[in-house]
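Notes follow the structure.
Throughout, read-outs are computed from the coordinates displayed, never taken from laboratory work. These numbers come from a predicted model, not from an experiment. Note: ideal-geometry Cβ built from the backbone for every residue, glycine included; neighbour counts use all protein chains shown.
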Amino acid sequence: MNIEKYIETGIIEAYVMGLADHSERREFERILPTSPDLQQALLNFELKIEGLAMRHSSPPPPGTWELIQDRIRELPAIRPPAKERQAGSQNGNGGGTPEEFISIQAISSTHIKIHKHWKTAFITVFILSKIFLALAIYFFVEYRHAQKDIRQLQEQVDKVPAK
Amino acid sequence: MEKTITKEILKNAISTGKQPAIEFLYTEYGAMLYGYVLQFTRDQQEAENLLVSIFTYLSSHLTEACNSGLGVYCWLQSEARKIILRERGPDASALLDEGRGDLQETASGKSCYFSLLGEASHEQQWIFRELFLAGRGREEVAGQLDKDLPYIDKQLKESLLIINRNLV
């Protein structure tokens, strides 16, 4: 590819200003690592854009930084996926910041998520229900036996002639 | 002019924590980004809200800047534009037209990109404005002008080259 002609198409400007479409961006990012001329032209345009932004800079209203801080504090910290954490620690990044994270994950609409302590409670209730069921069966059988004994005794009493 | 913040500097800032890194970027680029936001809206309150949204978004996406093909500032500006267009919604074009007779008028009263488009045709300026400031799609703009996509692409690229030529 003729890089000079490619640069003259305005691709660098479109890429930097966010006006390149998906296929143009992909092509640009594919060529960029292999072309020092393209890298230099990109750097030159970026410096011009930064210079323009400097000349047109305007101090934000007082209190803006405080608003940003408040908004950032309101954000829930999201724990990166396990793979990323692992990669981070392998890269010497320590696997993220030492901040306390709140684990957030998407759940299916057909499932609910509950505290792990409920697991113990459910197991206890399940075991107790089984014990009560076994006791109920045991006493029911005992009751039937007792009734049978009473009937037999009653028959024996009935057979004894009255004095 | 040398770049104020390189990716290496940003990486070092990120390693000190999210809050210090954002504060560092705000100190370095807050005014530049606020000036950039003012190109999209003349309402100072809206511009401030947009700046807050931009830095809030950046607080959880800083590492993406290190992996981008763009330099730090241009990446920030590119992300800022996406947030501005998303928050302003599909009415961004109409908002640009409100009370405006001159395309070169900007929120802060200063022209920026349009001042560089002086030699572009009125149609090129309009196409650039609709695509860049209002975030409309090329197909939509082509349909409104009753032109085909290659024509819109050509006009856009020519206006971008004019901007580059006039940048110092």
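Numerical summary
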quantity	calculated
Local electrostatic count at A:Ile137 - Lys and Arg +1, Asp and Glu -1, tallied over other residues with Cβ under 13 Å	+1
Simple spin-label estimate for A:Val157 and A:Ile114 in nanometres, 7 Å along Cα-Cβ	5.2 nm
Net +/- balance of residues flanking A:Ile12 in space, Cβ distance below 13 Å, scoring K and R +1, D and E -1	-3
The stretch A:12-83 - Debye-derived log10 I(q)/I(0), Cα point model, q = 0.13, 0.14, 0.18 Å⁻¹	-0.73, -0.79, -0.87
Cross-link pairs beyond the 28 Å C-alpha cut-off, checked among A:Lys48/B:Lys157; A:Lys116/B:Lys11; B:Lys7/B:Lys82	A:Lys116/B:Lys11
Label-to-label distance, nm, for residues given as A:Leu75 and A:Phe139 (7 Å Cα→Cβ offset)	6.1 nm
Cβ neighbours within 10 Å from other chains - mean over B:19-26	2
Phi-based couplings in Hz for the stretch A:14-28 (Karplus 6.51, -1.76, 1.60; Gly and Pro marked x)	5, 5, 5, 8, x, 10, 7, 7, 4, 5, 5, 5, 4, 5, 4
Angle between chain B longest axis and helix B:149-166 axis [Cα atoms, degrees, rounded to 10]	60 degrees
Difference of contour (0.36 nm per residue) and Cα-Cα distance, B:Lys11 to B:Asn49	11.0 nm
